Every structure is written in C-alpha cells, then in structure tokens.
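Data first, discussion second: the structure below is written as structure tokens.
The numbers here are math on the coordinates, done by the rules we state, and not lab data. Everything numeric here is computed off the predicted structure, so don't read it as measured data. Positions of Cβ are backbone-derived with ideal geometry, glycine not excepted, and every protein chain shown enters the neighbour counts.
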Amino acid sequence: MSRAGAPLKGRAGRLARLMPSASPSSAARTPFVLLVVLLLGGGLITLLLLNSALNEGSFRLSELKRDTTELTDEQQALQRDVDSYSQPGALERRARELGMVPGGSPAFLDPDGTVRGVPTKATAPPPSPSPSPTPSPEPTPEDGAQADEAGAGAPSATPSGTATPSPGAAAEPESEDAPAPENTPATPPPTTPGR
C-alpha cells in the first residue's frame with residue numbers, strides 16, 4: 001500500500017507541482033487582491049471627480065466668455081454714445097440748451113501784465129421767432145353746424161379736445177407765464193468712459 005506523505009512520482013508529481021494546494025498561499029493572496037481592487041476603485045472615483053471638476057470649469061469658462069461679450073458690447077455702445085455727445089454740433093446744441101452763448105474774440109494776458117486783444121462781452125443771439133398759431137381750415141358742413149351752435153367768433157373744439165380758434169377770431173398771444181414747449185427730446189447726462 002502507499003503512504004500518504006510520500007512524494008508522488010512521474011505524471012502525478014508534475015501535476016501536483018503545477019496545481020496549487022489550498023494551503024497558506026491562498027491566504028496571502030487575499031490582501032493583495034483587495035489592495036488591487038481598492039486601488040482600481042479609488043483611481044476610478046478620482047478620475048470621475050477630476051472629470052466633473054473639468055466640466056464645471058468648462059461651463060464657468062463659457063459663462064465668463066458670454067459675460068465678457070455682453071460687457072464688450074455694452075462698452076462699445078456707451079463709447080458710441082460718448083462719441084455722439086462729443087461731436088461739435090451736439091456740444092453746441094447742448095450748450096445752447098443750457099443757456100450758453102458763443103464767446104467773442106478772446107483777449108490774452110501777457111506775463112508782464114499787458115492785455116493783448118480787445119475783450120468783448122458775449123451776447124446771446126436774438127431768439128428764434130416762435131411759430132405763430134395757424135388758423136384752422138374752413139369748417140366742413142358737419143363742423144359748420146357745430147360752429148353755428150357755438151356762436152360766431154368763439155373757439156371750436158376739435159375731436160382731440162383742444163380748442164382751435166375759428167377763422168374769424170383773432171389769434172390771442174400766448175401768455176408769458178406759460179412755459180414754452182420744447183421740441184428737443186430729453187437726453188441723459190453724458191457718461192465718462194471710465195465708469
């Protein structure tokens with residue numbers, strides 16, 4: 001009979017050497033496998049976190065580019081406004097609105113105290129004539145009946161609710177207390193490019 005502890009010979013011995021036995025070698029392999037799995041899992045999680053951080057940075061970058069484009073457009077629009085207010089014609093019109101008048105010929109002081117030139121006082125040009133009220137056109141037959149009822153020489157009311165003088169009535173001068181209507185649109189104050 002054979003002994004249990006005897007080494008195997010031949011083919012059985014070679015198979016026994018190739019096949020690992022369930023001895024202490026499998027216990028030593030388990031921590032290594034766990035370490036490899038933990039390293040791979042940690043690397044995968046780190047890669048996912050890095051990828052999400054890069055995507056977040058990409059979204060922030062595109063948002064900042066969009067904001068930069070909008071601010072550049074706004075800056076260019078403001079620069080166009082400043083340029084339009086800086087034109088000589090616009091400056092002159094705005095100065096006249098503020099009550100400024102063109103100056104006369106200038107006079108200069110020399111370092112020794114003598115005056116070169118003749119100083120003159122700036123005078124305002126004569127005001128432009130205000131448009132006189134125009135008489136209303138001849139009344140139509142429907143308006144004629146209303147005019148007869150209202151009385152001759154009295155102002156007739158138009159559909160808009162404003163009173164217009166009839167053709168026979170004399171134009172009344174506007175009172176001096178009433179403010180003159182301005183035909184200029186309200187303009188915002190000029191801005192500086194540094195704001």
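Points to keep in mind about this one:
- Applying a DSSP loop filter and a limit of 16 other Cβ atoms within 10 Å to the GluC sites (Glu not before Pro) in the stretch 22-81 leaves nothing.
- Under the Karplus curve 6.51 cos²θ - 1.76 cosθ + 1.60, θ = phi - 60°, whole-Hz ³J(HN,Hα) for the stretch 84-93, x wherever Gly or Pro sits: 5, 6, 8, 5, x, x, 5, 5, 5, 4
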